[in-house]
Amino acid sequence: MTHRHIARRSLLQTATAASLAAPFVWTGRTFAAEQITAADVGGAPGAAIRKAFYDPFEKATGINVVGVAHEADPTTQFKLLVDTKSYIWDLCMVTLGHVGYLSTPKDYLEPLNITPPAGTELVPGTLTPVWFGFSVFSTILAYRTDKFGENGPNNWADFWDTTKFPGRRGLYKGVAGTLESALMADGVPAHALYPLDVDRAYKMLDKIKPHISVWWTSGAQNTQILQSGEVDMSDTWSARAFAAIDAGAPVKMVWSQGLYSTDGWSIPKGTPRADLARKFVSFSMQPEQQAAYSSIVANGPTNEKAYDFLSPQRAKLLPTAPGNIKNLQLSDESWWAKNRAKQYERFQEWLLS
């Protein structure tokens with residue numbers, strides 16, 4: 001089955017309230033009375049979501065799922081479709097940071113009304129009344145073993161130590177995660193990061209700035225610079241480092257220090273297909289489906305029983321594996337929701353200084 005992603009812009013331009021509310025929607029296969037539209041991140045993760053969640057859900061329930069790719073920050077689109085009651089989405093892939101924007105001052109989120117099955121063990125903080133997180137990603141350090149062997153940088157202090165670990169460095173050209181890495185490099189314990197001491201972080205960033213060879217801006221670029229050897233070490237999103245490893249690059253992921261965040265599902269308030277969307281969210285909690293997803297992309301499952309369906313070799317590459325997540329700090333999305341705009345502006349000014 002193909003990954004049926006529909007262009008967001010086309011939908012917004014052509015859809016009307018009447019057609020959106022129509023009980024029958026053409027899916028390319030047949031007319032279906034029961035159908036939901038899910039907005040995800042698209043690309044390779046979107047294809048993995050189709051294979052691990054959408055298609056099995058359709059087979060199990062008879063409810064069709066149309067996947068559409070949303071923009072990097074879907075909150076504006078999310079608010080618009082609720083305000084106009086043009087429900088082109090019935091659920092959306094968002095982070096807890098997005099949930100913060102969608103909860104106050106106006107509530108845009110439909111209650112999930114979901115109780116996990118008895119015996120379900122979820123990663124703490126991945127189920128709220130309006131959001132279920134199913135895909136954990138992390139910000140960690142990675143380095144090339146052809147440069148350092150097995151004795152490369154093991155934490156952010158090592159990354160900042162250009163004398164002990166000389167080499168070409170990459171660093172994310174974005175403020176979230178970068179400030180935290182700088183503070184951990186300066187000795188701040190991960191559990192004591194928030195609220196961030198921003199001035200202290202910039203003092204550390206001033207020290208490393210002359211030594212950054214590549215300021216990467218996308219996950220694809222991060223994979224490329226690690227894979228090609230353009231840098232010897234870099235901060236990375238774990239799935240992107242894995243992509244380089246999977247392509248044969250001599251790259252090692254370092255799990256001794258880092259952050260993690262979670263992508264999950266929320267339902268737009270008022271969608272007439274909320275109950276169908278709830279069925280899908282419940283389905284995405286199943287350990288077999290989460291394991292299927294994490295066997296395709298290197299994001300961690302949130303149902304800990306998913307590891308019963310994953311090999312030990314695969315598990316060690318995932319953020320929520322017990323040996324990895326114990327060293328990762330949950331990113332404080334509530335702090336970032338309040339401070340992101342201000343810190344983004346300061347970071348851009350610092351880059352240009």
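Summary of values
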{"quantity": "For region 41-58, Karplus couplings with θ = phi - 60° (6.51, -1.76, 1.60), whole Hz, Gly/Pro x", "calculated": "7, x, x, 4, x, x, 5, 5, 5, 4, 6, 8, 10, 4, 5, x, 5, 4"}
{"quantity": "Calculated SAXS-style log₁₀ I(q)/I(0) at q = 0.14 Å⁻¹ - region 172-237, Debye, Cα scatterers", "calculated": "-0.44"}
{"quantity": "Phi-based couplings in Hz for region 165-175 (Karplus 6.51, -1.76, 1.60; Gly and Pro marked x)", "calculated": "10, x, x, 7, 10, x, 8, 5, 8, x, 7"}
{"quantity": "Gaussian network model of the chain, springs between alpha carbon atoms under 10 Å - residue of Leu80, Leu122, Leu205 with greatest fluctuation", "calculated": "Leu80"}
{"quantity": "Region 200-209 - phi-based ³J(HN,Hα) in whole Hz, Karplus 6.51/-1.76/1.60, Gly and Pro as x", "calculated": "5, 4, 5, 5, 6, 5, 4, 6, 8, 3"}
{"quantity": "Rg(Cα) / (2.2 N^0.38 Å) computed for region 245-353, rounded to two decimals", "calculated": "1.38"}
{"quantity": "Alpha-carbon centroid distance for the pair region 298-353 / region 186-228, whole angstrom", "calculated": "14"}
{"quantity": "Residue-level accessible surface for Lys342, protein heavy atoms, 1.4 Å, Å²", "calculated": "150"}
{"quantity": "Amide proton proximity set for Val68, modelled H, under 5 Å, gap of 5+", "calculated": "Ile6, Ala38, Ala39, Asp40"}
{"quantity": "Cβ-derived FRET efficiency at R0 56 Å, Asn151 paired with Ser334, nearest 0.05", "calculated": "0.90"}
{"quantity": "Nonlocal amide H pairs with Gln329, under 5 Å, H built at 1.01 Å", "calculated": "Gly258, Leu259, Tyr260"}
{"quantity": "Under-5 Å amide H pairs with Val94, H placed in peptide plane, nonlocal only", "calculated": "Gly264, Trp265, Ser266"}
{"quantity": "Largest to smallest accessible area among His191, His98 [probe 1.4 Å]", "calculated": "His191, His98"}
{"quantity": "Surface accessible to a 1.4 Å probe, Asp206 within the full protein complex, Å²", "calculated": "90"}
{"quantity": "Beta bridge orientation in the chain: antiparallel %, DSSP, nearest 5", "calculated": "60"}
{"quantity": "Ser218, Ser294, Ser213, ranked by accessible area, largest first (probe 1.4 Å)", "calculated": "Ser213, Ser218, Ser294"}
{"quantity": "Burial ranking of peptide ranges 230-243, 167-180 (average Cβ count within 10 Å, highest at the top)", "calculated": "230-243, 167-180"}
{"quantity": "Nearest-ten-degree value, helix 274-283 long axis tilted from longest Cα axis of the chain", "calculated": "50"}
{"quantity": "Average Cα contact separation per residue, region 203-316, under 8 Å, 6 or more apart, as relative contact order %", "calculated": "16"}
{"quantity": "Residues of the chain: accessible area per residue with a 1.4 Å probe, Å²", "calculated": "44"}
{"quantity": "Dipole in debye (nearest 20) - region 50-149, about Cα centre, beta carbon charges: Lys, Arg +1; Asp, Glu -1", "calculated": "220"}
{"quantity": "Label corresponding to log10 I(q)/I(0) by the Debye sum over Cα atoms at q = 0.07, 0.15 Å⁻¹ when calculated from the structure given, among [x] -0.37, -1.23; [y] -0.48, -1.23; [z] -0.31, -1.31", "calculated": "[z]"}
{"quantity": "Length-normalised contact order of region 201-244 in % [C-alpha pairs under 8 Å, at least 6 apart]", "calculated": "35"}
{"quantity": "The chain, accessible surface, carbon-and-sulfur percent (1.4 angstrom probe)", "calculated": "54"}
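The values are calculated or read from the model by the stated rules, or taken from the named source; none is laboratory data. Keep in mind the model is a prediction, meaning the values are calculated, not measured. Glycine also receives a Cβ, built like all others from the backbone with ideal geometry; neighbour counts cover every protein chain displayed. Areas reflect the complete protein model, heavy atoms only, side chains present, ligands, DNA and RNA absent. Shrake-Rupley method; radii C 1.70, N 1.55, O 1.52, S 1.80 Å.
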